[in-house]
Amino acid sequence: MALSGPSSGPPSLVGAALLGSSDAAFWDEVHALHDNDALLPPDNIRASLTRIAASVAIISTLYAFLVLLIRTAVARRRRKNSYEKRNEDNENISSSSSSSSRGSTGDSPAPPLPHISEYKMAYQVTNLVINLVLGLLGLYHFLYTVTPSDRTSPSQRVEGWDDLSIFGELQIGYQLWSIPVGIWLVNEHSAMLAHHVCVIVVASMSAFFTNGFRYFTPFFYGLIESSSVPLAVMNAFRGNPQLAQRYPKASQMSRNMFIISFFT
């Protein structure tokens with residue numbers, strides 16, 4: 001038997017299982033969303049593209065600054081190590097003639113500075129900063145902007161909330177920056193590159209589409225990124241084994257914090 005119209009909705013069991021309601025008015029509201037235009041108004045899309053471009057420029061500037069900062073710090077550290085090594089060698093040579101009968105009492109030389117890729121370290125720090133910003137921004141909007149789900153209609157969870165498109169825009173800008181840096185500067189794994197592409201696709205729905213589910217973005221595009229902050233620290237220790245050996249407690253703490261934040 002044919003359905004009488006859109007208000008008939010799915011079978012009650014399906015409605016209860018998927019969305020908790022089999023009421024005809026509920027499904028009329030859901031069906032009405034199909035009448036919306038697919039894309040947001042052109043002015044909204046142009047504004048989103050502008051903000052995406054601005055986020056790429058800001059993240060790129062931050063990354064370039066961090067690369068220069070780390071490169072300068074490493075070069076200064078290496079010069080200091082070289083200077084201390086030359087002084088130690090000169091002291092050993094001058095004292096060898098007068099203390100040839102005695103064993104050496106000087107301290108063992110400091111271990112050489114491990115090789116540090118300023119591009120990769122700056123990439124990790126940039127990830128930490130961006131994810132921290134997204135996490136804090138998501139926490140703020142999750143607590144103070146979006147209404148509780150029990151006081152928000154189904155259609156309001158799907159459409160509207162245009163101001164929250166900033167989360168999709170930031171995610172798109174961040175991933176657009178990550179792809180070329182990951183390919184040409186830090187040799188990122190192909191699985192992560194595929195992840196960046198997938199995030200761009202998903203975030204584009206919130207940034208450009210009328211039915212963009214922006215109500216959920218403070219949590220899924222923002223607050224959930226807070227788990228990536230300890231992940232960035234953990235990756236820094238994993239990429240520098242000597243650093244992990246020097247600070248084993250901090251390394252283990254970053255692992256524990258990531259596990260806790262990821263599963264909560």
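The values are calculated or read from the model by the stated rules, or taken from the named source; none is laboratory data. All values derive from a computational prediction rather than experimental measurement. With ideal geometry, Cβ positions are generated from the backbone for all residues, glycine too; neighbour counts draw on all protein chains shown. Accessible surface areas use protein heavy atoms only, side chains included; no ligands, DNA or RNA. Shrake-Rupley method; radii C 1.70, N 1.55, O 1.52, S 1.80 Å.
Looking at region 224-243, is at least one residue under 30 Å from residue 43 (Cα atoms) and open to solvent by 40 Å² or more (accessible area, probe 1.4 Å)?
Going through region 224-243, the residues under 30 Å from residue 43 (Cα atoms) turn out to be 224-225.
Now narrow it down to the ones that are open to solvent by 40 Å² or more (accessible area, probe 1.4 Å): 224.
Checked against the condition, which is being under 30 Å from residue 43 (Cα atoms) and open to solvent by 40 Å² or more (accessible area, probe 1.4 Å), region 224-243 yields at least one hit.
Considering only helices (runs of 4 or more DSSP H) fully contained in region 1-117, which possess at least 2 residues that are touching a helix residue (DSSP H, G or I) at 6+ places or on another chain (Cβ under 7 Å) and modelled with pLDDT under 90? Talk me through it step by step, then tell me what you get.
On the way: elements: 12-18, 24-32, 42-96.
Hits in region 1-117: 24-32.
Please give the number of the condition residue 197 fails out of (1) in a loop (DSSP other than H, G, I, E, B); (2) within 20 Å of residue 130 (Cα to Cα); (3) open to solvent by 40 Å² or more (accessible area, probe 1.4 Å); (4) not charged (D, E, K, R).
Only one criterion is unmet by residue 197, namely (1).
Filter region 244-254 for residues that are open to solvent by 100 Å² or more (accessible area, probe 1.4 Å) and part of a helix (DSSP H, G or I); which is nearest to residue 130 (Cα to Cα)?
Step one: list which residues in region 244-254 are open to solvent by 100 Å² or more (accessible area, probe 1.4 Å), which gives 245-247, 249, 253.
Remaining after also requiring part of a helix (DSSP H, G or I): 245-246, 249, 253.
Numbers: 245: 27, 246: 27, 249: 25, 253: 21 Å.
Only one residue fits best here, namely 253.
Please work out which one of (1) in contact with an Asp or Glu (Cβ under 9 Å, 6 or more places away or on another chain); (2) touching a residue at least 40 places away in the same chain (Cβ under 8 Å); (3) under 19 Å from residue 128 (Cα atoms) is the condition residue 179 fails and give its number.
For residue 179, the exception is condition (2).
Go through region 35-45 residue by residue and tally those that are among the charged types (D, E, K, R) and surrounded by 10 or more Cβ atoms within 10 Å (Cβ to Cβ). Let's see the steps before the verdict.
Residues of region 35-45 among the charged types (D, E, K, R): 35, 37, 43.
Adding the requirement that they be surrounded by 10 or more Cβ atoms within 10 Å (Cβ to Cβ) leaves none.
Total meeting the criteria: 0.
Restricting the search to region 143-190, which residues are acidic (Asp, Glu), assigned to a helix (DSSP H, G or I) and either closer than 17 Å to residue 63 by Cα or open to solvent by less than 20 Å² (accessible area, probe 1.4 Å) (or both)?
Of the residues in region 143-190, the ones acidic (Asp, Glu) are 150, 159, 162-163, 169, 188.
Restricting the remaining residues to those that are assigned to a helix (DSSP H, G or I) gives 150, 162-163, 169.
The one that is acidic (Asp, Glu), assigned to a helix (DSSP H, G or I) and either closer than 17 Å to residue 63 by Cα or open to solvent by less than 20 Å² (accessible area, probe 1.4 Å) (or both): 169.
Going by the conditions given, is residue 53 more than 30 Å from residue 124 (Cα to Cα), open to solvent by 50 Å² or more (accessible area, probe 1.4 Å) and either of a type in the set (A, V, I, L, M, F, W, C) or touching a Leu at 6+ places or on another chain (Cβ under 7 Å) (or both)? Step through it out loud before you land on a result.
On the way: more than 30 Å from residue 124 (Cα to Cα): no; open to solvent by 50 Å² or more (accessible area, probe 1.4 Å): yes; either of a type in the set (A, V, I, L, M, F, W, C) or touching a Leu at 6+ places or on another chain (Cβ under 7 Å) (or both): yes.
No, not satisfied.
For region 201-221, which positions are more than 19 Å from residue 129 (Cα to Cα), open to solvent by 20 Å² or more (accessible area, probe 1.4 Å) and either free of Cβ contacts under 8 Å to residues at least 60 places away in the same chain or under 17 Å from the mean Cα position of the chain (by Cα) (or both)?
Selection gives 201, 202, 204, 205, 213, 216.
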